[in-house]
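Encoded as structure tokens, the structure appears first; notes follow it.
Every number here is computed from the coordinates shown, using simple stated rules; none is lab data. Just so we're clear, the structure is a prediction, and the values are computed from it rather than from any experiment. Heads up, the Cβs are rebuilt from the backbone with ideal geometry, glycines too, and the neighbour counts pull from every protein chain shown.
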Amino acid sequence: MGVAIRTADGSDRELVVRLLDEAFGDDPVSRWVFPGEEYRRTTHHRLMAAFTDVVLAEGRVDMTEDGRACALWLSVPADEHYVEPAGEHFVEPAGDHAGEPAGDHFGEEGGDDAVRLREAVDPENERVERIARLTAESHPADRAHAYLWMIGVAPRHQGEGLGTALIEHELVRCDRAGLPAYLEASSRRSTRLYERLGFAFTGRTLHLPDGPRMWPMWREPR
């Protein structure tokens, strides 16, 4: 049976934020940004809300009809510099997949997106700003592409193939448009899973200071 997918809108905001908060609460990158279980429990949702607001305004959120999984996509033009705060974290167990855009998102034009993100989410947490800068520096800028910012599946429904269905839904569009796709995987296991969908490691990992690595991956259209 196929997975029914729809485009989320503003009325889905709280559902998307809650879904991402649950899916990424124990993700390696989230643990690094918000060390400590209690700290993460009370603060992590603010980052998920910031991401959701950006993509609802400037990109597209694909969601399974039943609300069990969602994917945040952005269309990135060539040679456009932007801040992408957190990259991809696909949280699902083995057997499936585990679980910034152009312009100004967090303040006045001409400011620093990374600083504004930190101030909006967790002003005293330098790691929010640091990861924004790190991913922005590594992001490909020479070709327009679809960017998978985040994808998450409700913990109780991980391993059911929902994430794969969401990604394939967008990759069909990419192939029809001749558009590449890009993401940052948060584990070696997820890189192997993305390879099955045509993504390839770019050859350079992102190292979070005293923290985990991320694997940028690129997919040529088919």
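What shape does the chain have by the C-alpha gyration tensor, where a ≥ b ≥ c are the square roots of the eigenvalues, rounded means a/c under 1.5, and otherwise prolate means a/b greater than b/c and oblate the rest?
Taking the square roots of the gyration eigenvalues as a ≥ b ≥ c, the chain is rounded.
With θ set to phi - 60°, apply the Karplus curve 6.51 cos²θ - 1.76 cosθ + 1.60 along region 24-36 and write out the HN-Hα couplings as whole Hz, x wherever there is a Gly or Pro.
The phi angles translate into 10, x, 10, 5, x, 5, 4, 5, 6, 5, 10, x, x Hz.
Using a simple charge model, +1 on the beta-carbon of Lys and Arg, -1 on the beta-carbon of Asp and Glu, nothing else, what dipole does region 5-219 show about its Cα centre, in debye to the nearest 20?
In debye, rounded to 20, region 5-219 gives about 800.
Looking at region 5-219 only, what percent of DSSP beta bridges run antiparallel? Nearest 5 please. Write down the numbers at each step before the final one.
Details: 24 of 27 bridges.
Approximately 90 percent, going by the DSSP bridge assignments.
Ranked highest first by the average count of other Cβ atoms within 10 Å around their residues, in what order do 68-79, 137-148 fall?
Descending mean neighbour count gives 68-79, 137-148.
Compute the distance in nm between two label points, each set 7 Å from the Cα along the Cα-to-Cβ direction, one at Arg60 and one at Asp26.
The answer from the label model is 3.3 nm.
With unit charges on the beta carbons (Lys and Arg positive, Asp and Glu negative) and the dipole taken about the Cα centre of the chain, which residue among Pro35, Asn125, Gly161 sits farthest to the positive side?
Gly161
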